[in-house]
Amino acid sequence: MYTIQQIKSHYLFNDEDAETLKSLLPIAKGNRERMIRDFYDYLLGIPETAAFLQDEARIQRLRLSHGGWFVNLFCGVYDNQYLHNLQRVGHVHVKIGLDAHFVNAAMQQVRRFAVGMIRENFPDREERRKKTEAVEKILDINLDILTASYIEEELKKVFISKRFESLLVRATERFTYGLNLILVLALVGVSLSVVGLFFWEIFHVVGGPVEKGILSALGTLLILWMMIELMDNEIKSLKGGRFNIQVFIGVVIIAIIREILISTLRHDPLETQIFLAGTLLVLGVVYYLVARSQQLSISR
Ligand code: HEM
């Protein structure tokens, strides 16, 4: 936000311009009603602006506001209070939902009216040029301050939504990270139980049938292998790596191999064993296809 002094200096508006405008005050007052009439004829001619001017009592009140603003252009004092008042007017228009486009267009109408007013009253060319220049400057300053309210409002909206978005994204990221940590811890717990199971089975090999003991211990080792693969994959994804679907197919393959081992030990019917072997074959083909497609996407 610029101070009124900065704004005036950016528009090369000096004390002489202020004096020139002040000298036009009586003429502006005399033209006030004509200006209001022109201004409202214009606003009522556009459906979007006419929509704001439906109720007659309101129009009467607004005529006072808009007419007052026009006369005040020629007050001669352009200080902080002038700036604050214009900022408030800008916010009033933003609040009623008036498109900034119409403020710009309306200002063009006021400009035309004011230039015409000077042309009618000052035949001398040099005098006319000086007065027109001062009017142009103050109108540009007014428009600048009024439209700044719109920009300010837009920035506020963008800022709030951006802040909310990044807050939401950060919270979701933390939540997912927390879930992943819980998953890793659970995997560690399950792996430890599998290690316990493995030693328990080795211990029982000594007492029971050797062949059965070794095969179940082998099955448990396969589970352990599966756990290692899953944990490895989880840690890689925690570190920002890609999610690897191949690992999950590998895990299912290991589970099926273990089931085949147990099924042989249990002497399950032939159909069950054929079904397991068939599933293993299908999974093997899927594993191969996924591995190939992943290789292709990496080399591309
Ligand atoms: C040159 C551009 C314009 C200027 C300098 C201007 C100036 C003003 C001023 C000084 C007020 C009184 C604010 C207050 O003290 O509360 C006002 C209010 C208002 N203006 Fe404008 N105006 C402009 C363009 C427009 C346009 C294009 C419309 C469209 C219809 C419009 C509609 C209104 C309405 C509806 C209010 C009353 C808001 C309320 O209090 O509910 N103005 N304007």
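Computed across the range 143-202, the Kirkwood radius stands at 16.0 Å (inverse of mean 1/r, all Cα pairs). With a/c under 1.5 counting as rounded, go ahead and sort the range 4-163 into rounded, prolate or oblate using the C-alpha gyration tensor (a ≥ b ≥ c being the square roots of the eigenvalues; past the cut-off, prolate if a/b is larger than b/c, else oblate). Verdict is oblate for the range 4-163. Can you pull the percent of Cα pairs in the range 178-261 with separation above 18 Å? Summing the P(r) of the range 178-261 above 18 Å gives 50 percent of all pairs. The orientation-averaged projection of the convex hull spanning the C-alpha atoms of the range 206-299 amounts to 7.5 square nanometres. Surface composition of the chain: carbon and sulfur atoms hold 64% of the protein heavy-atom accessible area at a 1.4 Å probe.
Per-residue ellipticity at 222 nm from helix content only, as computed over the chain with -39500 (n - 2.57) for each DSSP H run of at least four residues, stands at -30000 deg cm²/dmol. The label-point distance for Asn14 and Val210, in a model that sets each label 7 Å from Cα toward Cβ, rounds to 11.2 nm.
Given R0 = 51 Å, the distance between the Cβ atoms of Ser65 and Leu167 translates into a calculated FRET efficiency of 0.80. Summary of the geometry: the range 185-230 and the range 53-115, compared by the centres of their Cα atoms, lie 83 Å apart. Of the DSSP H helices in the chain, those with a Cα length along their own long axis of 20 Å or more and a mean Kyte-Doolittle hydropathy reaching 0.5 comprise 210-238, 245-266, 270-299. Lys and Arg at +1, Asp and Glu at -1: add these up for the other residues within a Cβ distance under 13 Å of Asp15 and post the number. Combined, the nearby Lys, Arg, Asp and Glu give -1.
Across the chain, the fraction of Cα-Cα pairs farther apart than 32 Å, rounded to a whole number, is 58%. Once the gyration tensor of the Cα atoms in the range 1-92 is diagonalised, the equivalent ellipsoid follows with semi-axes of 28, 17, 11 Å, ordered largest first.
Among the listed pairs Lys22/Lys130; Lys95/Lys131; Lys29/Lys137, those with a Cα-Cα distance over 23 Å are Lys95/Lys131.
The values are calculated or read from the model by the stated rules, or taken from the named source; none is laboratory data. These numbers come from a predicted model, not from an experiment. Glycine also receives a Cβ, built like all others from the backbone with ideal geometry; neighbour counts cover every protein chain displayed. Just so you know, the surface numbers come from the protein's heavy atoms only, side chains and all, with ligands and any DNA or RNA stripped out. Shrake-Rupley method; radii C 1.70, N 1.55, O 1.52, S 1.80 Å.
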